[in-house]
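Enquirer: Sharing a structure, written as structure tokens. Questions coming.
The values are calculated or read from the model by the stated rules, or taken from the named source; none is laboratory data. Just so it is clear, the model here is predicted, and its values are computed rather than measured. Glycine gets a Cβ as well: all are built from the backbone with ideal geometry, and neighbour counts include every protein chain shown. Side chains included, ligands, DNA and RNA excluded: accessible areas come from the protein's heavy atoms. Shrake-Rupley method; radii C 1.70, N 1.55, O 1.52, S 1.80 Å.
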Amino acid sequence: MQTKKATATTVDPEAIEPRLLELLLQKQQRRKLGPYRPKTAAEIATGLERLFHLRGVEARAVNVRRMGGGASKEQFVFELVGAEFPPGYCGVLRMDPREGIIETCRRREAQILRAVAGRVPVPPMLWVDGDGEAMGQPLMITGFVPGVTKPSSGSGGPSGLGANLGDRIGRALTPQFIGCMAEVHKTDLANSGLDDYAIPRPGTTDAALWQVNYWTKVRELDTTDCSPLLTLAETWLYDHLPVCEEPVLLHGDHRLGNFLFDEDSLQITAILDWELSHVGDFHEDLAYSFDPLFGSRDTDGTFLVGSMFTTDYLLEHYQQISGRTVNADTLHWYRVLTSYKLITMNHTSSILAARDGTNHQNALLAYLASCTAGMSDTLCNLLEGKLR
Amino acid sequence: MTPNPSIRLGSVMQTLEQVVFPAVDPSNSLAVEQCGVIAAQLKMFLHHLPVIAIYDSLCRDDLVDTVSNLPSAVGGALTMDAASKLQSVLDGAASDSDAAAAFHRLGFALEDLLRAAARDGAPDYRRAMNESVFLFTQRQTRRERVWFKEAGFDPRPQELPDLETMLAGN
């Protein structure tokens, strides 16, 4: 692996995507507003009227109701009544709470949905209010896409964690799941309208450095409790920054729970939750799939990504369809990064939001934070023997 | 002292489960989901409540031992300064009546030393310190996995002892 030994003189800790840094700093200001009360359906209906008026949209939103799930954003579904919408057409509103487990950008999410539409199944992008002009919080609205995140007869934890698709569904969805990931990576970065994204320089450690810097900045701003383990990981990551030859567009959260499928046709109907998308190293999306949190073990104890396929299968199939070659050391680095960022989300921002009451699901955030213990075990295993 | 906190919390839980949760509008998905989370969190907390002080002390004492046995600092000004500050936090940590607060103060000071040593610590010293701290983090992680096993997120819960066994030092 080409790595750059980072030292105090070579690492620029402020090298972070400008839009992401702006969001983190805005959150620090918003925190002063105090606790957050979840919006009611009636408030959302009024807010939609205001949004449509501001955008000059000739439509009404009726039958507004909250959607289940959504540990990160408040989500509502409603029917759109207007000349340009067929009868029964539904929209989905996705709105930031005051604070949450991650701080992300609705403008970026809208840009990426438009960038991959037609190549990857995604909800149709309708409107975005990146500054919270209509309801006080940034939001976006897409068309509703039917489908389920897990078999309707099955069980699973929050955010799709722990769900099991079963053999028949898993076999059908596997090539689509990996194919979608590879297709996103093919996105033309220069001509896709990704105005709020920064692009790391090819052939440098920018892609890796920006990620470590970002999550380390999150820790700096949001930490409540110590974590020597995270700091060991932080220093190891800086010591072994891999070079990224060709930055690509990444989903950033490509996993079971973040796509919808049709239970009859077994087709993926939409890839969802693009809020962690960014431009970086393709190894990062692959490494994300390796995290035990996003898979399960079969009866033989073999780890299956999203209960569907082995990590060996993922690497082999991805390399085959993308033409890229996976570097084992780089993949390991990104697995450590994945672990570092997942723990950071739960160990810092999530706890802070729960403590200050600034989310719509404070109790859930406080509960989810307990998954840090299991994730720390993953990080220990990844670092074992690497610190000598 | 009477009624003790466990009885008070247990009675709250029972009332929530038998009276309040069933009265929640089933069409209010947010409220229904929160009821499930609240019940799970309170159940776990009810198990934790009588032994929080023991758990906090166990974590603090291990960290104090770890820091006490770190190799003597070797390196540049940043490392030597961070090591000196860590030593000053260590003094008194073992006897602090708030074990959790002492744990985090000491942990943050240790993190400062890890970062300082990454910048100007002698390589052999840094390796030895990282190894000691890593062994501590493995022990601490195992304790936390046992502590939160009931939450249901652990990747291998079957390999963990129960809480009482761990608190007994096994």
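Enquirer: Enumerate the amide H contacts of B:G121 below 5 Å, restricted to partners 5 or more residues apart or on another chain; note that Pro and chain-start residues carry no placed amide H.
Expert: Here B:G76 satisfy the definition.
Enquirer: Something else about it: How far is helix A:41-55 tilted off the main Cα axis of chain A, in degrees rounded to 10, range 0 to 90?
Expert: That works out to roughly 90 degrees.
Enquirer: State the extension gain, in nm to one decimal, for the chain segment bounded by A:R19 and A:N191, taking 0.36 nm per residue of separation less the distance between their alpha-carbons.
Expert: Gain on extension, A:R19 to A:N191, equals 60.0 nm.
Enquirer: If you project the alpha carbons of the protein assembly as shown onto their three principal axes, what span does each projection cover, largest first, in Å?
Expert: Taking max minus min along each principal axis of the Cα atoms, the protein assembly as shown gives 76, 66, 50 Å.
Enquirer: State in Å² the accessible area per residue of the stretch A:231-275; use a 1.4 Å probe, count heavy atoms of protein chains only, and round to the nearest integer.
Expert: 25
Enquirer: Averaged across the residues of A:219-227, what count of C-beta atoms belonging to other chains lies within 10 Å of each residue's C-beta?
Expert: Taking the mean over all residues of the peptide, I get 3.
Enquirer: Using only Cα atoms, find the angle between the long axis of helix A:167-185 and the longest principal axis of chain A, and express it within 0 to 90 degrees, rounded to the nearest 10.
Expert: The angle comes out at about 80 degrees.
Enquirer: Can you give me the C-alpha center-to-center distance between the stretch A:91-146 and the stretch A:308-335, rounded to a whole angstrom?
Expert: What the calculation gives is 30 Å, centre to centre.
Enquirer: Additional query: Using Cα pairs under 8 angstrom and six or more residues apart, how large is the relative contact order of the stretch A:1-134, in percent?
Expert: Taking the mean separation of contacting Cα pairs over the length of the stretch A:1-134, I get 20 percent.
Enquirer: What figure in square angstrom, to the nearest 10, would you give for the accessible area of A:L249 with a 1.4 Å probe?
Expert: 0
Enquirer: Another question about this same structure. Across peptide B:141-148, how many C-beta atoms of other chains are within 10 Å of each residue C-beta, on average?
Expert: Across B:141-148, the average partner-chain Cβ count within 10 Å equals 5.
Enquirer: Something else now. Just in the stretch A:49-135: which GluC sites (Glu not before Pro) are loop by DSSP and have at most 11 other Cβ atoms within 10 Å?
Expert: In loop regions of the stretch A:49-135 (DSSP not H, G, I, E or B), the sparsely surrounded GluC sites (Glu not before Pro) are A:E58, A:E84.
Enquirer: Could you work out the helix-only [θ] at 222 nm for the protein assembly as shown, with each DSSP H run of four or more residues adding -39,500 (n - 2.57) and the total divided by the number of residues, to the nearest 500 deg cm²/dmol?
Expert: Taking each H run of at least 4 residues, the total per residue is -15000 deg cm²/dmol.
Enquirer: Projected onto the charge dipole of the protein assembly as shown (+1 at Lys/Arg Cβ, -1 at Asp/Glu Cβ, origin at the Cα centre), which of A:L314, A:V128, B:L78 gives the Cα projection farthest towards the positive end?
Expert: A:V128
Enquirer: For the charge dipole of chain B, defined by +1 on Lys and Arg C-beta atoms and -1 on Asp and Glu C-beta atoms about the Cα centroid, which residue among B:P157, B:A128, B:L49 has the Cα displaced farthest towards the positive pole?
Expert: It is B:A128, whose Cα lies furthest towards the positive end.
Enquirer: For chain A, take the longest principal axis of its alpha carbons; what is the angle in degrees between that and the long axis of helix A:106-116, to the nearest 10 within 0 to 90?
Expert: 80
Enquirer: Follow-up. Would you be so kind as to identify which of A:I199, A:P292, A:A61 lies farthest towards the positive end of the dipole of chain A, taking Lys and Arg as +1 and Asp and Glu as -1 on Cβ and the Cα centre as origin?
Expert: Selected residue: A:A61.
Enquirer: Running Debye on the stretch A:273-361 with equal point scatterers at the Cα sites and no solvent, what base-10 log of I(q)/I(0) appears at q = 0.13, 0.21 Å⁻¹?
Expert: For the requested q values the scattering log ratios are -0.55, -1.10.
Enquirer: Explain nothing, just the number: dipole magnitude of the stretch B:95-170 about its Cα centre with +1 on each Lys and Arg Cβ and -1 on each Asp and Glu Cβ, in debye rounded to the nearest 20.
Expert: With Lys and Arg at +1 and Asp and Glu at -1, about 260 debye.
Enquirer: For the stretch A:35-70, which residues drop by 40 square angstrom or more in accessible area between the chain on its own and all protein chains together (1.4 Å probe)?
Expert: At a threshold of 40 Å² (probe 1.4 Å), the residues of the stretch A:35-70 that become less exposed are A:R66.
Enquirer: Pairs B:K85/B:K149; A:K32/A:K150; A:K27/B:K43; A:K27/A:K341; A:K217/B:K85: which exceed 27 Å Cα-Cα?
Expert: B:K85/B:K149; A:K32/A:K150; A:K27/B:K43
Enquirer: On to the next question. Please report Rg over Rh for the stretch A:35-149, where both radii come from the alpha carbon positions and Rh follows the Kirkwood definition.
Expert: Radius of gyration over Kirkwood radius for the stretch A:35-149 works out to 0.93.
Enquirer: Chains B and A: how much accessible area gets covered up at their contact, both sides added, probe 1.4 Å, in Å² to the nearest hundred?
Expert: Interface area, both chains combined: 3400 Å², rounded to the nearest 100.
Enquirer: Antiparallel versus total DSSP beta bridges in the protein assembly as shown: what percent is that, nearest 5?
Expert: Beta bridges within the protein assembly as shown, antiparallel portion: roughly 95 percent.
Enquirer: Then there's this: Only Lys, Arg, Asp and Glu count, each charged at its Cβ (+1, +1, -1, -1), so figure out the dipole size of the stretch A:243-301 about its Cα centre, rounded to 20 debye.
Expert: 100
Enquirer: Using +1 on the beta carbon of Lys and Arg, -1 on that of Asp and Glu, and nothing else charged, what's the dipole of chain B about the Cα centre, debye to 20?
Expert: 160
Enquirer: Run down the lysines and flag those whose C-alpha is under 16 Å from the C-alpha of A:K39, throwing out any fewer than 8 positions away in its chain.
Expert: A:K73
Enquirer: Probe radius 1.4 Å, ligands and nucleic acids ignored: give me the carbon and sulfur share of the accessible area of the protein assembly as shown as a rounded percent.
Expert: For the protein assembly as shown, the apolar C and S fraction of the accessible surface comes to 53 percent.
Enquirer: Now, a different point. If you look at just the Cα atoms of the stretch B:66-170, how large are its Rg and its Dmax in Å?
Expert: According to the Cα coordinates of the stretch B:66-170, Rg and Dmax are 16.1, 47 Å.
Enquirer: When 1/r is averaged over all different Cα pairs and the result inverted, which Kirkwood radius in Å belongs to the stretch B:114-170?
Expert: Evaluated on the stretch B:114-170, it is 13.3 Å.
Enquirer: Also, I was wondering about something else. Could you state the orientation-averaged shadow area of the convex hull built on the Cα atoms of the stretch B:1-151, in nm² to one decimal?
Expert: 11.8
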